[in-house]
Structures are given as structure tokens and as C-alpha cells.
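Written out below as C-alpha cells is the structure these notes cover.
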Amino acid sequence: MRVLGFESSCDETGVALVQYQGAGLPTLLSHALYSQIDMHQAFGGVVPELASRDHIRRVLPLTQQVLTGAGCSLDQVDVVAFTRGPGLAGALLVGAGVACALAAALDKPVLGVHHLEGHLLSPFLSADPPQFPFVALLVSGGHTQLMRVDGVGHYAILGETIDDAAGEAFDKSAKLMGLAYPGGPALSKLAEQGDAEAYKLPRPLLHSGNLDFSFAGLKTAVLVQAQRMVASHTAQGEPMSGAAVGTSANGSVPGYEALPLTARRDLAASTQAAIVDVLVKKSLVALRQTGLRRLVVAGGVGANRQLRAHLDAECAKRGVRVHYPELHLCTDNGAMIAMAAAMRLQSALERAEKTYSFDVKPRWPLNRLHGAA
Ligand code: KG4
Ligand code: ZN
């Protein structure tokens with residue numbers, strides 16, 4: 001069976017073709033991705049209307065690219081899958097509309113997929129795929145969740161963020177530091193040569209006794225620290241232009257970008273350490289509570305090197321295996337959507353239907369997914 005998948009929930013247009021036979025793990029035949037990051041950078045974040053329009057521009061050339069890459073023609077596609085939610089409504093509608101129109105024209109069945117299930121199952125595309133059951137740490141721009149995963153569709157949420165997601169904490173802190181959107185990769189690059197212990201930043205809910213997260217306070221602590229650094233630098237005789245309080249038009253702390261590079265590296269490293277520390281410690285608690293010895297990390301923040309290094313080190317000490325998606329499949333892509341569709345179909349959780357009227361679910365909790373435990 002060949003599944004053609006479309007991802008368009010936010011600022012990446014992804015298309016991919018996966019194939020499966022019997023109960024064997026689906027394999028990726030070809031995938032293509034277009035990231036809109038450059039377009040949104042000028043605005044400091046995703047502009048939904050621009051995102052939708054750009055998905056329309058990219059989706060058909062990407063589909064052609066995928067088919068050419070796989071050496072397949074459209075009539076060799078058996079099922080068409082698309083991201084049904086969660087995400088930006090207009091952006092989701094582009095993928096849903098194209099997928100359903102294509103399936104109708106080909107007389108093939110269609111299946112809407114949950115974006116987070118795509119992230120969750122993306123490590124099955126790696127050279128070192130996990131086995132069920134496992135604890136999953138899902139860390140993306142919009143979600144931070146710890147889950148117990150017993151099989152496809154069997155997801156029990158153990159804990160989640162009560163405010164900002166981990167990716168949001170990276171992005172918002174990076175913005176205060178004047179770094180370009182999306183801030184996660186930029187902040188972690190700047191942090192590479194910084195001292196992670198230079199500034200004491202809060203680790204919210206670290207000892208809360210449950211598996212929930214909270215990152216909104218960290219952003220405030222970073223803001224206060226950045227303002228303090230600017231004030232002390234100015235007091236040392238470096239005049240500063242602009243207001244000393246609040247943020248500049250680009251959302252950064254006024255005067256911050258003029259601080260010495262070492263100080264900026266140190267705050268970036270300290271911020272990253274605060275986020276990573278909480279993610280690692282809570283993952284270890286989830287492993288201890290469930291008694292499971294396998295951890296799967298998925299979502300954009302799963303690309304973070306410090307997070308990977310700390311998880312690897314701590315899990316190795318405890319005899320726990322850690323699985324990640326391939327680096328290029330951590331952030332949004334079509335392969336994970338085609339994969340999730342293929343794994344759902346294989347496990348007979350759901351059937352693809354020749355029903356071409358569609359809707360999207362901009363808000364869609366993972367535990368309300370059809371077939372979820
Ligand atoms: O999973 P994803 O592509 O989109 C959502 O579904 O939200 O995740 C995007 C998030 C952004 O917040 C981005 O800053 C973050 O993942 N991210 C990173 C890194 N690469 C992407 N955060 C920290 N370090 C990275 N290397
Ligand atoms: Zn995502």
C-alpha cells in the first residue's frame with residue numbers, strides 16, 4: 001500500500017510517500033519539504049494568512065517532486081492522507097482541500113491525521129525504530145506532553161504544560177534576545193559557547209510531584225535578567241539609545257543586542273539549561289513511575305543537541321533506551337503524516353474512506369483521537 005501524505009498545519013509544506021506491506025514497518029519512499037521561515041522572519045512569527053497562501057503555491061510542485069523522487073505515478077497511490085489538526089485553520093484547509101480533491105479525482109480513499117500523532121510516530125521512520133510500549137516526550141512549538149504509549153492509538157497523557165510549550169519558551173526567550181524567528185535553533189546556537197550556570201533561572205514545577213510543566217515564568221525571568229544586564233552595562237558608562245524598559249519593535253529588550261557576546265551567550269546557555277533540565281528530570285520521573293525502559297522524543301525541540309545529550313547521558317545510567325526521529329524529521333514534515341496514516345491503517349484502528357467532504361480541527365486534543373485509549 002502506498003500512502004501520499006500532506007502536512008500544512010503551520011509554516012512548513014510537506015509531502016511524502018510511504019509504503020507498507022502486511023504488518024512490516026512502513027518505509028519512506030520519498031518526501032519533499034518547503035519551509036516558509038524566511039518569509040515569516042520579517043514579521044517575527046508566523047502570519048497565518050501568508051502561510052495559507054504559500055501552502056497553495058508550494059503543494060503541487062512538492063507533490064510532483066515526491067512522485068518523481070519515488071519513481072511513482074499518481075495512479076500508484078492507494079491512500080491520500082492529510083493533517084486534519086491541530087494547527088492554523090486556513091493552513092490546514094489547504095492540505096485538506098488538496099488531499100480530498102486529489103483523492104476524489106483518483107477515486108482513492110482519504111484519511112485525516114492528527115499532527116501530534118505524526119510527531120509521536122516519526123521515530124518509527126528512523127534507522128533505530130522503537131518498540132511499544134514507551135514513554136514519549138512530545139516537545140513542539142505548541143505542545144509539551146509526557147505520554148505513555150502502548151501502541152498505535154493507545155496514548156495516555158501523563159502530564160503536560162499548563163501554559164507555554166517548551167518550543168514557545170525557546171522562541172519567546174530568543175525574541176527578547178533579538179534572535180530571529182524561530183528562536184529555538186538560534187538560541188541553542190548562541191548557547192553553544194556560553195556558560196549554562198552563569199545566571200540562575202527558575203525551573204518551574206520541577207518538584208511539583210506531578211508530570212506537568214510550566215514555562216511562562218521562565219520567559220519573565222529571562223526578560224528581567226536581560227533588563228538587569230542592560231542596566232548594569234549602561235551604568236558602567238555605555239550610553240544606550242531607546243527606552244530602558246519594555247521591548248523594542250522587534251520584541252527584543254532595548255540595548256540587549258549591544259551587550260558583549262559572552263554575556264549574551266551565557267544568558268542563552270542558562271535559558272536553554274533551564275528548559276532542558278525540566279524536560280530531562282520530568283522524563284526520568286515518568287520513566288520511573290511507569291516502570292518503562294524506553295523513551296521516545298518527538299517534536300521540533302527534540303532537535304536540540306543539549307536535550308539529546310542530557311537525555312542520552314541520564315538514560316544510559318538507568319539502562320533506558322532513547323529513540324529520536326531523524327534530525328530533519330523532528331520539525332514539521334509530510335513523512336510523519338504519511339507514516340501515522342499508514343500505521344493507523346495497518347493497525348486497523350481506522351479506515352480510509354472515499355468521502356471527500358472535509359473539515360479541519362484547529363484545536364484537537366490527542367486523547368480525543370479516534371481509537372485513543
Ligand atoms: O514540531 P515543530 O516543528 O512545530 C510544531 O508542531 O509546533 O516545532 C517547532 C518548535 C519551535 O518552537 C522551534 O523553535 C523549536 O521547535 N526548535 C528548537 C530547535 N529546533 C526547533 N528548539 C530548540 N532547539 C532546537 N535545535
Ligand atoms: Zn509540529
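The values are calculated or read from the model by the stated rules, or taken from the named source; none is laboratory data. Note that the structure is predicted; figures quoted are calculated from it, not measured. Glycine also receives a Cβ, built like all others from the backbone with ideal geometry; neighbour counts cover every protein chain displayed. Surface accessibility is based on the protein's heavy atoms, side chains included, excluding ligands, DNA and RNA. Shrake-Rupley method; radii C 1.70, N 1.55, O 1.52, S 1.80 Å.
Once the C-beta distance of Leu261 and Asp128 is scaled by a Förster radius of 35 Å, the resulting FRET efficiency is 0.40 to the nearest 0.05. Secondary structure note: in the range 132-324, about 60% of the DSSP beta bridges are antiparallel. In this structure the amide hydrogen of Gly159, modeled in the peptide plane, comes within under 5 Å of the amide hydrogens of Leu146, none closer than 5 places in sequence on its chain. Would you please give the FRET efficiency between Ile37 and Glu353, computed as 1/(1 + (r/R0)^6) with r the Cβ-Cβ distance and R0 = 56 Å, to the nearest 0.05? Working from the Cβ atoms, E equals 0.95.
Tell me the per residue accessible area of the chain using a 1.4 Å probe; a whole number in Å² is fine.
Numbers: 15700 Å² over 373 residues.
On a per-residue basis, the chain sits at 42 Å².
Add +1 for every Lys or Arg and -1 for every Asp or Glu among the other residues with Cβ under 12 Å from the Cβ of Asp164, and state the total. With Lys, Arg at +1 and Asp, Glu at -1, the net is -2.
Summary value for the range 190-310: 38 percent relative contact order, contacts being C-alpha pairs under 8 angstrom separated by 6+ residues. Compared with the dominant principal axis of the Cα atoms in the chain, helix 216-235 is inclined by about 40°. Angle of helix 89-106 to the longest C-alpha principal axis of the chain, folded into 0 to 90 degrees and rounded to 10: 20°. Rounded to the nearest angstrom and listed largest first, the equivalent-ellipsoid semi-axes of the range 273-373 from its Cα gyration tensor are 31, 16, 13. Segment Arg228..Leu60, full-extension length gain: 55.5 nm, with 0.36 nm per residue of separation and the alpha-carbon distance subtracted.
Looking only at the chain, where both bridge partners belong to it, what percent of the DSSP beta bridges are antiparallel (to the nearest 5)? So the antiparallel bridges amount to about 60 percent of the total. Of interest is the spacing of the C-alpha centroids, which for the range 320-339 and the range 129-194 amounts to 13 Å. Using C-alpha pairs below 8 Å separated by at least 6 residues, the relative contact order for the range 1-61 is 30 percent.
One equal scatterer on each Cα of the range 132-324, no solvent, Debye formula: the resulting log10 I(q)/I(0) at q = 0.08, 0.13, 0.14 Å⁻¹ is -0.28, -0.67, -0.75.
Element breakdown for the chain at a 1.4 angstrom probe: carbon and sulfur atoms account for 53% of the accessible area.
Only Cα pairs under 8 Å and at least 6 apart count here; give the relative contact order of the chain as a rounded whole percent. Write down the numbers at each step before the final one.
Details: 831 pairs, mean separation 95.9, N = 373.
Answer for the chain is 26 percent.
Whole-Hz Karplus values for the range 263-280 come out as 5, 5, 5, 5, 5, 4, 5, 5, 5, 4, 4, 5, 5, 4, 4, 5, 4, 5 Hz, taken residue by residue from phi with 6.51 cos²θ - 1.76 cosθ + 1.60 and θ = phi - 60°; glycine and proline positions read x.
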